[in-house]
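Structure, as structure tokens:
Read-outs: derived from the displayed coordinates by stated rules, not from any lab. This one's a predicted model, so the numbers in the text were calculated from it and none came from an experiment. Glycine also receives a Cβ, built like all others from the backbone with ideal geometry; neighbour counts cover every protein chain displayed.
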2 protein chains.
Amino acid sequence: MDWFTEKWTPNINFSVKIKEHIYSETTPFQQLEVYDSFDLGRFFTLDGIMMANEKDEFIYHEMIIHTPMSVNPNIKNVLVIGGGDGGSVRELTRYPSIIKIDMVEIDESVVRACQKYFQVTTTGLTDPRVTMKFEDGLAFVKNTKNVYDLIIVDSTDPIGPGEGLFSMEFYQNCHRILSDDGILINQHESPYFDKESQEMKRAHQKIKVLFPVAKVYQAFIPTYPSGHWLFGFASKKYDPVVDFKEAFIETLGYKTKYYNKNIHTGSFALPNYVIEKLKKI
Amino acid sequence: MDWFTEKWTPNINFSVKIKEHIYSETTPFQQLEVYDSFDLGRFFTLDGIMMANEKDEFIYHEMIIHTPMSVNPNIKNVLVIGGGDGGSVRELTRYPSIIKIDMVEIDESVVRACQKYFQVTTTGLTDPRVTMKFEDGLAFVKNTKNVYDLIIVDSTDPIGPGEGLFSMEFYQNCHRILSDDGILINQHESPYFDKESQEMKRAHQKIKVLFPVAKVYQAFIPTYPSGHWLFGFASKKYDPVVDFKEAFIETLGYKTKYYNKNIHTGSFALPNYVIEKLKKI
């Protein structure tokens, strides 16, 4: 195989020249491949969709974690649903203030393959505060008695194993197990191409019914379809811009490569066409 | 031809399925093609690079025009260099306050082909305030005695006919023919892939030597390489955020599809990795 091609739509292809096909596995849930490429370094795919690459994984993982952490620096207990590559956990472990991180990933094979072949994101998984549970996120949030200050839904697209993580039942249970000042962050698809845009609308319609604060923010992620990627910020209490503690990230002693205080506020400034789509069902 | 493919890098391809190859011309300056596609509508290319498509041309053209116009609503005389598709002129003609728009495009064939086959952007070209001059922009700014309040450099990449529009001589002459509160806006390439990132740095190093205010802002343009595209804002007087007249766009009576007051400020919030690259030579 010389090139990996992802169909961003049936009529738009994104193709990456491959240096080496490193690993392939049919897991109980999905097809996993790891490649090395000339321009993006190593990357892995699930069911043919690029999940993360060495060149720009920092953008997604910084934006999904530092945004909520800078709104409520008192977050102690965190639940990560999905996120098998470990990148979200890695960013969370930069905060000494966090006490407990539960990561619920349905597919253990993803974690094990990343620990062997995509180590850039897995460095936080051995942190003593982290507990990995290899089970269905939908069932976990339904059954758990735990309470969390922050839930990160670091899911695949709503097809295959990720589907339940876009359901009303799932969001309702997230709401139930969040503390009174809890924050729910989810990967929120994209506004540009039709398929992701539909999923963006469906997710937002559900979340905004449940949470008094339901905002959407964006980042430039060039290797996801259209490069315009969204996250959802839902909360029982905090507004992500009004309640932003802009000095907090600087107390970390960690130099972010994408996120900064202007990005935080700027990422909630959506284009008019995206605002319009989010209003419609 | 079933697919149009643009090489975003030697190792990354962006491909669009074609419905119809509408027009082809070898102009005195470049190779021009017009296509119809399934997902982006009509689009045209110069030397194999996509310039504009019906689906998202509004993003580029709104961001290159409404940003400076909302900083100095008293702009009367405007020079557009390049911009043969007419999209920048179209946005300028929405302002009754503008008196004169000179468009200097080296390649008349681009304008004529767009007027026939890509009419979404050409509607402003027949406005009586517009004068089209088909000549070299580099020579024009060197020789003109005119003074402008705003110069829009709506150029191709700095290869072929666009090369001179990234030179120190060009920027110096733009500085000379700008009024004391003049603003220079240029398409400023992209921070992500190596080639555009180098050009971004080269342009910024030159402009910041000449102008007391030299900022860079960004937009999500999914069909340009990486989808993360930049514009330069240089001025003798105005800071684009401090001097932003946020209510002005609303007096237009025109509903923008991308630009709004939060986007204006948010677009100047650059990621850390972009800020770092702009600092280096």
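Overview of values
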read-out: Sum of -39500 (n - 2.57) over DSSP H runs of 4+, divided by residues of chain A (222 nm, nearest 500); value: -8000 deg cm²/dmol
read-out: Isotropic mean projected area of the C-alpha convex hull, region A:3-53 (nm²); value: 3.5
read-out: Copy-to-copy label separations for A:E20, where each label sits 7 Å from Cα toward Cβ, in nm and ascending; value: 4.9
read-out: Inverse of mean 1/r across different Cα pairs in region B:133-246, Kirkwood, Å; value: 14.5
read-out: Region B:42-146, relative contact order in percent, only Cα pairs under 8 angstrom and at least six apart counted; value: 25
read-out: Normalised alpha carbon radius of gyration of region B:92-135 [divisor 2.2 N^0.38 Å]; value: 1.17
read-out: Rounded to the nearest 20 debye, dipole of region A:57-279 from Cβ charges on Lys, Arg, Asp, Glu; value: 420
read-out: Shortest-first distances to equivalent copies, position B:F134, nm, label 7 Å out along Cβ; value: 6.8
read-out: Amide H within-cut-off set for B:S179, under 5 Å, with H built and near neighbours excluded; value: B:Y148, B:D149
read-out: Cut-off 15 Å (backbone N to label point 7 Å along Cα→Cβ of A:K245), residues of region A:49-71; value: A:66-71
read-out: Semi-axis lengths, Å, region B:123-165, gyration tensor of Cα atoms, sqrt of 5 times eigenvalues; value: 20, 15, 10
read-out: Whole-number D in µm² s⁻¹ for the protein assembly as shown, Kirkwood Cα-pair radius fed into Stokes-Einstein, 4 °C, 1.567 mPa s; value: 53
read-out: Residue-by-residue Karplus 3J(HN,Hα) for region B:256-262, coefficients 6.51, -1.76, 1.60, Hz, glycine and proline x; value: 6, 9, 10, 5, 7, 5, 6
read-out: Under-5 Å amide H pairs with B:K236, H placed in peptide plane, nonlocal only; value: B:G182
read-out: Region A:41-52 - phi-based ³J(HN,Hα) in whole Hz, Karplus 6.51/-1.76/1.60, Gly and Pro as x; value: x, 6, 8, 10, 10, 10, 6, x, 10, 5, 8, 7
read-out: Signed unit charges on C-beta, dipole axis of chain A, positive-most listed residue A:P28, A:F44, A:V209; value: A:V209
read-out: Whole-number D in µm²/s for chain A (Stokes-Einstein; Kirkwood sum over Cα pairs; 37 °C, 0.692 mPa s); value: 174
read-out: Relative contact order [Cα under 8 Å, 6+ residues apart], chain A, whole percent; value: 17
read-out: Cα convex hull of region B:198-281, projected area averaged across orientations, nm²; value: 6.4
read-out: Label point 7 Å beyond Cα along the C-beta direction, distances from A:K116 to other copies (nm, shortest first); value: 6.0
read-out: Derived scalar couplings ³J(HN,Hα) [region B:11-21; Karplus, 6.51 cos²θ - 1.76 cosθ + 1.60; whole Hz; x for Gly, Pro]; value: 10, 9, 10, 10, 10, 10, 6, 9, 8, 7, 8
read-out: Nearest-20 debye value, region A:3-53 charge dipole, Cβ charges on Lys, Arg, Asp, Glu; value: 120
read-out: Burial ranking of peptide ranges A:118-129, B:242-253, A:45-56, B:85-96 (average Cβ count within 10 Å, highest at the top); value: B:85-96, A:45-56, A:118-129, B:242-253
read-out: All lysines inside 21 Å of A:K261 as judged from Cα atoms, apart from same-chain residues fewer than 8 positions distant; value: A:K215, A:K237, A:K245, B:K215, B:K261, B:K277, B:K279
read-out: Chymotrypsin sites (Phe, Trp or Tyr not before Pro) within region A:1-65: DSSP coil, no more than 16 neighbouring Cβ in 10 Å; value: A:F38
read-out: Length-normalised contact order for region A:3-53 - Cα pairs under 8 Å, 6+ apart - percent; value: 25
read-out: Selected from A:I99, B:Q115, B:F166, residue furthest toward positive end of dipole (the protein assembly as shown; charges at beta carbon); value: A:I99
read-out: Sequence-distant residues sharing a close amide H with A:K19 (under 5 Å, placed H); value: A:D36, A:S37, A:F38
